[in-house]
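A short reminder: the numbers here are calculations on the coordinates, not readings from a lab. Here the structure is a predicted model, which is why all the values come from computation and not from measurement. Every residue, glycine as well, gets a Cβ built from its backbone with ideal geometry; the counts of neighbours run over all protein chains shown.
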Amino acid sequence: MRLLFIGFGTVGQGLAELLVEKERHLKKAYGIDFSTVGISDMLKGSLVNAGGIDLAAALEKAGSGEKLSELPGEEFTGDALEMIRTVDADVVLEATYTDIKTGEPATSHIRKALERGMHVVTSNKGPTALHYQELALLAREKGVRFLFEGTVMSGTPLLNLLRETLAGSEVLELKGILNGTTNYILTRMEEGLAYDDALKKAQDLGYAEAVPDADVLGWDALAKVTILAKVMYDAKGDPFDFPCEGITKISASDIVEAKERGKRFKLIGRVWKEGNLAKAAVAPEEVDMGHPLAGIMGATNAVTVTTDTLGDVTIVGPGAGRRETGFSLLIDLIEIARKD
Ligand code: HSE
C-alpha cells in the first residue's frame, strides 16, 4: 500500500506515529505492508521517494523543525496538487487544514486523487461537508474509496457505526456534543479558568482548528452535522444553510448560574428529518445535570443516535487530538486493505 501524505501537521504526524508503532501488527493482522512514497507539507517541505520514506525519521525532522527534504529521497518543489498529479500511490491521505467555507485546497487535492484512481482518506471537514455527494460518486465511478471517519468525533467510530454496524436501521434523529474544543473550554470555565486561557490550552493540546473561530462560533460542529445529514439523509446544500450559534455569548457567570439551576451548558449538534426534508442545527443548550450529555467533559464527544430498531444508541469517545485523529485515518486505511 503506497501512501502519499498531503499535509504533515498534527493529524498527519498522529497517523505516522501509529504506523511506526503498529507496523508489525498491521502486517500480521491485516496483511498491510505500507510504504510512504511522498510527503507534501507547506511548512516542513516536500519529499518523494519511490523506495519508501523512513516515517520515523520524517517524524524526527518534523519535530525538530528541520526540513523533510534533508531525508533520503528527492526534494519535491511543486505544490501538493502537483504531487498528487505526478506521483503514483494507492492511497492519498489528505490532512491539510480545514476551510469550511471554501473547502480548498483540500477539495482539489481529493478530486485529483480520485480522478487518478487513488483511494482517498481524509479528516478534512471542508470538502466532505461541501461536496460529499460529488466526491463519493467520483470515487464509485473510479472504483476506489473515499473515506472520512476522522471528520466527525476524530477516531471514535461514529460514521463506521452508521455505515456498518447500524446498517438496516432507520436513524430518526442524532444529537450530541461534536466539538472537543468548545466542550473543553466550557469544562475549564466551569472550573474557574478564563475563556482566553481555556482556549489557549485547547490550542496547545491540538484540539482547536488552525483558526479557532471555527470552533467557538460553532462552524466546526456545523460542518460535522452537515456531513452527518448528507451521509444519513442525502441532504443537499452547504453547512451555512443550517442555523448555527457558537459559545462566544456564554459568560463565566452564565455557567455558574446554570449550575445553580441544576443545568450545564453544552454545544449541541442535531440532525433530524421533517417529512422528506433533512434538518440540522448547532446551538448551546442548558442540559439537565441528570442527562447523560451533561456528564461529558473536556474534549470528549458523545452522540446519541435514535433508531427505529434499537431506540437510543449512544457513543462516547475522544473528539479531537493528534493520536485520536491519526487513528481515524488508520481505521480507514484498514477498511481499504480489508475490502480492496
Ligand atoms: N477542532 C475540532 C474539535 C477538532 O475541537 O472538535 C476535531 O474535529
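Some observations on this one:
- Each residue, residue 254 and residue 115, gets one label point 7 Å from its Cα in the Cβ direction; the gap between the two is 4.5 nm.
- Look at 30, 233, 207 and count the other Cβ atoms within 10 Å of each Cβ; fewest to most, that gives 30, 233, 207.
- With Cα atoms defining each centre, region 25-54 and region 129-179 are spaced 25 Å apart in the structure.
- Listed residue pairs exceeding 18 Å between alpha carbons, taken from 142/236; 101/236; 22/142; 230/273; 175/279; 101/266: 142/236; 22/142; 101/266
- Rg and Dmax over the alpha-carbon atoms of the chain stand at 20.0, 63 Å.
- Between the listed residues 174, 287, 269, the Cα displaced farthest toward the positive end of the dipole of region 167-318, a dipole computed from Cβ unit charges relative to the Cα centre, is found at 174.
- The reciprocal of the average 1/r between distinct C-alpha atoms defines the Kirkwood hydrodynamic radius, which for region 216-288 equals 13.1 Å.
- Extension gain for the segment residue 283 to residue 297, taken as residue separation times 0.36 nm less the Cα-Cα distance, is 3.3 nm to one decimal.
- Here region 214-274 is assigned +1 on the Cβ of each Lys and Arg and -1 on the Cβ of each Asp and Glu. Its dipole about the Cα centre then comes out at about 280 debye.
- At full extension, residue 64 and residue 42 could sit 6.3 nm farther apart than now, given 0.36 nm per residue minus the alpha carbon distance.
- Gyration tensor verdict on region 262-331 (Cα atoms; rounded if a/c is under 1.5, prolate if a/b is larger than b/c, oblate otherwise): oblate
- Environment charge of residue 58, counting only residues whose C-beta is closer than 12 Å and scoring Lys/Arg +1, Asp/Glu -1: -3
- Compared with the alpha-carbon gap, the fully stretched path from residue 24 to residue 88 is longer by 20.6 nm at 0.36 nm per residue.
- Within the chain: Cβ-based charge dipole about Cα centre, in debye rounded to nearest 20 (Lys, Arg +1; Asp, Glu -1): 560
- Other residues with beta-carbon under 14 Å from the beta-carbon of residue 98 carry, at +1 per Lys or Arg and -1 per Asp or Glu, a net charge of -4.
- Within region 167-318, the percentage of alpha carbon pairs spaced more than 20 angstrom apart rounds to 48%.
- Of all DSSP-defined beta bridges confined to the chain, some 70% are antiparallel rather than parallel.
- Cβ-derived FRET efficiency at R0 30 Å, residue 241 paired with residue 173, nearest 0.05: 0.95
- Cα centre as origin, Lys/Arg/Asp/Glu Cβ charges: region 72-135 dipole, Debye: 300
- Note on 59, 3: ascending count of other Cβ atoms within 10 Å places them as 59, 3, the fewest first.
- Taking 225, 171, 91 and counting other C-beta atoms within 10 Å, the order from fewest to most: 171, 91, 225
- Taken along the Cα-to-beta-carbon direction at a fixed 7 Å, the label points for residue 140 and residue 77 span 4.3 nm.
- Here the sum of -39500 (n - 2.57) over DSSP H runs of 4 or more residues, divided by the residues of the chain, equals -12000 deg cm²/dmol at 222 nm, to the nearest 500.
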